[in-house]
Amino acid sequence: KNLVGFVNGIHEGEAFLCGLVHDIGKLVMLDRNNKLYRDVLLRAGSGEKSFVELEDETFGLNHVEVGQWVAERWNFPEEVVQAVARHHRPWPQRHGNLQRFNERWLLVKIADTLVHASGIGHPGSYSGLRMRAQGEIERCKLELGTSIERLNEVIKKNESEFEKNFGMYEDDL
């Protein structure tokens, strides 16, 4: 939601919905097979393999595929379905695609990267994930067409809102 101001043509509510449901597949997988998925979560903390790789190894499918299925069944708009389905894709070959094409999936990927780099939503033991995300901050800056200072303002705002709304931060998890 805090990134929408960088991009024309994406409504704040739609961006919020994309961010809210992009990992819905994780919740479904956790609900359907709690023990196995908890093992995936524990193993993902090392950062050696991604959630998607570990899910594929364990279940033969991943949260992206499950999430897309759920989004389609719930009749979400196609832009939202694609944001769920594509948020773990590699960065586009050329930067600036978000500015040119208003790609919702890319906005979700950037938001996800910034959140992971800040350590929000994962325990401190997920240092591998956090370090990998911090290494992608420069790419986020390029996609948004902004300065690192402005991007840091967004990161600080996200951290502040998280702490205000949930009363905790990385060290509390």
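Every read-out reported here was derived from the displayed coordinates using simple, explicitly stated rules and does not represent laboratory data. What you see is a predicted model; the values in this text were computed from it and never measured. Reconstructed Cβ throughout: ideal geometry from the backbone, glycine too, with neighbour counts over all protein chains shown.
The table for this structure:
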| read-out | value |
| --- | --- |
| Order of 63, 88 under a 10 Å beta carbon neighbour criterion, fewest first | 88, 63 |
| Interchain or long-range residues, amide H under 5 Å from residue 87's placed H | none |
| Karplus-derived HN-Hα couplings along segment 3-20 (A = 6.51, B = -1.76, C = 1.60, θ = phi - 60°), whole Hz, x at Gly and Pro | 8, 4, x, 7, 10, 7, x, 10, 6, 4, x, 5, 4, 4, 4, 4, x, 5 |
| Phi to ³J(HN,Hα) by Karplus 6.51 cos²θ - 1.76 cosθ + 1.60 over segment 81-90, Hz, x for Gly, Pro | 4, 5, 4, 5, 6, 10, 5, 9, 5, x |
| Environment charge of residue 62, counting only residues whose C-beta is closer than 10 Å and scoring Lys/Arg +1, Asp/Glu -1 | -4 |
| For segment 110-118, Karplus couplings with θ = phi - 60° (6.51, -1.76, 1.60), whole Hz, Gly/Pro x | 5, 4, 4, 4, 5, 5, 5, 5, 7 |
| Within the chain: Cβ-based charge dipole about Cα centre, in debye rounded to nearest 20 (Lys, Arg +1; Asp, Glu -1) | 220 |
